[in-house]
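The values are calculated or read from the model by the stated rules, or taken from the named source; none is laboratory data. Keep in mind it's a predicted model, so treat the numbers as computed, not measured. Glycine also receives a Cβ, built like all others from the backbone with ideal geometry; neighbour counts cover every protein chain displayed.
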């Protein structure tokens, strides 16, 4: 079993819609959770971190954490074409990454 | 503030040769991490330095890989001898001691072993 699992996608949403990205993890003791965005050929860029159960909002991004169910999600509201990228979920002090979900926002 | 710098950006070597990758972390960042992403796979943790000490090297795949961080500044990752399966993108990241938020990644070194 992988430490972190994500649907590889690709996920396509129309511009202005909500994109929902999901991630599950295997270590119930994990305390730190991160979402990174990676454009093709570029390095991962941190966009959200979450440590407590519930929702955390930052602009158009909302991270949701449910430790009991061992999942963390990322919602992107009012999706823009510039949001098209691969989104990586990471847990612990970012020692474990998912394979990433490729998101395409269609104008 | 300069970011995390890695070089070379690309390296193509033959199987059996040696390659050394370098990472310059953000100035003042005691934590330095190496990761590797093989095509189609997840980013995998290789090791973690705190200053010049190896805090965790559990992700190093085998003894052909040697990482150093002399003086607690820049780090090198040497692969000797390189094998075909070592091909991938090697990322370096750094963070300040005690910080629990996200890391800053370098742009990576794309290594191709032929």
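If we scan region A:62-72, do we find a residue that is touching a helix residue (DSSP H, G or I) at 6+ places or on another chain (Cβ under 7 Å) and buried (at least 19 other Cβ atoms within 10 Å of the Cβ)?
no
Return the total of residues in region A:76-107 being assigned to a strand (DSSP E or B) and either crowded, with 20+ Cβ neighbours inside 10 Å or within 12 Å of the chain's Cα centre (by Cα) (or both).
14
With respect to residue B:102, is the statement that it is without any contact (Cβ under 8 Å) to a residue 24 or more places away in the chain and surrounded by 15 or more Cβ atoms within 10 Å (Cβ to Cβ) true?
Against the criterion (without any contact (Cβ under 8 Å) to a residue 24 or more places away in the chain and surrounded by 15 or more Cβ atoms within 10 Å (Cβ to Cβ)), residue B:102 qualifies.
Can you tell me which residue in region A:28-45 is farthest from the other protein chains (Cβ to nearest Cβ), limited to those that are more than 20 Å from residue A:18 (Cα to Cα) and surrounded by 12 or more Cβ atoms within 10 Å (Cβ to Cβ)?
Only one residue fits best here, namely A:30.
Against the definition (in contact (Cβ under 8 Å) with a residue 12 or more places away in the chain, part of a loop (DSSP other than H, G, I, E, B) and over 10 Å from the mean Cα position of the chain (by Cα)), how does residue A:2 come out, yes or no?
Judged against the criteria, residue A:2 is a match.
Filter region A:6-19 for residues that are loosely packed, with under 15 Cβ neighbours inside 10 Å and not in a loop (DSSP other than H, G, I, E, B); which is nearest to the chain's Cα centre (by Cα)?
Filtering region A:6-19 for residues that are loosely packed, with under 15 Cβ neighbours inside 10 Å and not in a loop (DSSP other than H, G, I, E, B), the one nearest to the chain's Cα centre (by Cα) comes out as A:12.
Looking only at residues that are closer than 17 Å to residue B:47 by Cβ, part of a loop (DSSP other than H, G, I, E, B) and at pLDDT below 95 in region B:70-105, which one is nearest to the other protein chains (Cβ to nearest Cβ)?
Looking at residues that are closer than 17 Å to residue B:47 by Cβ, part of a loop (DSSP other than H, G, I, E, B) and at pLDDT below 95, I get B:103.
Tell me whether region B:9-16 contains one or more residues that are in contact with a strand residue (DSSP E or B) (Cβ under 8 Å, 6 or more places away or on another chain) and without any contact (Cβ under 8 Å) to a residue 60 or more places away in the chain.
Checked against the condition, which is being in contact with a strand residue (DSSP E or B) (Cβ under 8 Å, 6 or more places away or on another chain) and without any contact (Cβ under 8 Å) to a residue 60 or more places away in the chain, region B:9-16 yields no hits at all.
Condition first: assigned to a loop (DSSP other than H, G, I, E, B), more than 9 Å from every other protein chain (Cβ to nearest Cβ) and crowded, with 17+ Cβ neighbours inside 10 Å. Now tell me which residues in region B:30-60 satisfy that.
Result: B:30, B:60.
Touching a residue at least 40 places away in the same chain (Cβ under 8 Å) and either within 25 Å of residue B:89 (Cβ to Cβ) or within 11 Å of chain B (Cβ to nearest Cβ) (or both) - does that describe any residue in region A:50-73?
yes
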